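Right, one structure below, let's go through it.
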């Protein structure tokens, strides 16, 4: 399967994570840390990335870096002739994505109209929602595996989803929708962004 070049992986990793350390990018794509450090320094000199500190700390894309990443993604699809394959997988992904958003809402809120949050004191309810997540997982994994066969960098999502579900199955509820860890929802969100960026789409394109 085709492999992506280092510069694209670093830019795309930052796009998916928002803010990331060199270690985060190295871990995400199984890259040598020294090579990630060197690439970040090179991208910084070109004005494509910047290091920020504050509420969110780490390397992040600049506006020009986002555009450069999109250019490289488009070039990659053209070079390997993969647009039709990725577009087909994305079409299969969209209805499952709607189901995933629904089940995540159920995990967080018991009654939307009343605004009742799920405090996870009803094990029968949680078990039912987790069963729905497992069904969705079974539906998405074949799609993710097809993506991985098309392009090596897309293989990260299947492994990360499997690991997050493993933690949920162990009773660690934060791994369902937790925002500060690579929870199932976090990884899914990043996978969705990866597909959109790869195809040159925006989230507004889906609802517009």
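Some observations on this one:
- Working ranking of peptides 143-150, 30-37, 8-15 by packing, defined as the average number of other Cβ atoms within 10 Å per residue, highest first, is 8-15, 143-150, 30-37.
- Most mobile of 62, 198, 177 in a GNM of the chain (Cα contacts under 10 Å): 62
- Three-way shape call for the stretch 47-140 based on the alpha-carbon gyration tensor, with the a/c threshold at 1.5: oblate
- Summary value for the stretch 6-79: 34 percent relative contact order, contacts being C-alpha pairs under 8 angstrom separated by 6+ residues.
- If you run the Gaussian network model on the chain, springs between alpha carbon atoms under 10 Å, then out of 122, 169, 97 the most flexible one is 122.
- Helical mean residue ellipticity (222 nm; -39500 (n - 2.57) per DSSP H run of 4+; nearest 500) of the chain: -22500 deg cm²/dmol
- Dividing the C-alpha radius of gyration of the chain by 2.2 N^0.38 Å, with N its residue count, gives 1.08.
- Within the listed set 95, 22, 142, the residue fluctuating most in the Gaussian network model of the chain (springs between alpha-carbon atoms under 10 angstrom) is 95.
- Residues residue 134 and residue 62, FRET efficiency given R0 of 45 Å [Cβ-Cβ distance, rounded to 0.05]: 0.65
Coordinate-derived values only; no laboratory data. Remember, predicted model here, so these are calculated numbers, not experimental data. Quick reminder, even Gly has a Cβ in these numbers, built from the backbone with ideal geometry, and neighbours come from all protein chains shown.
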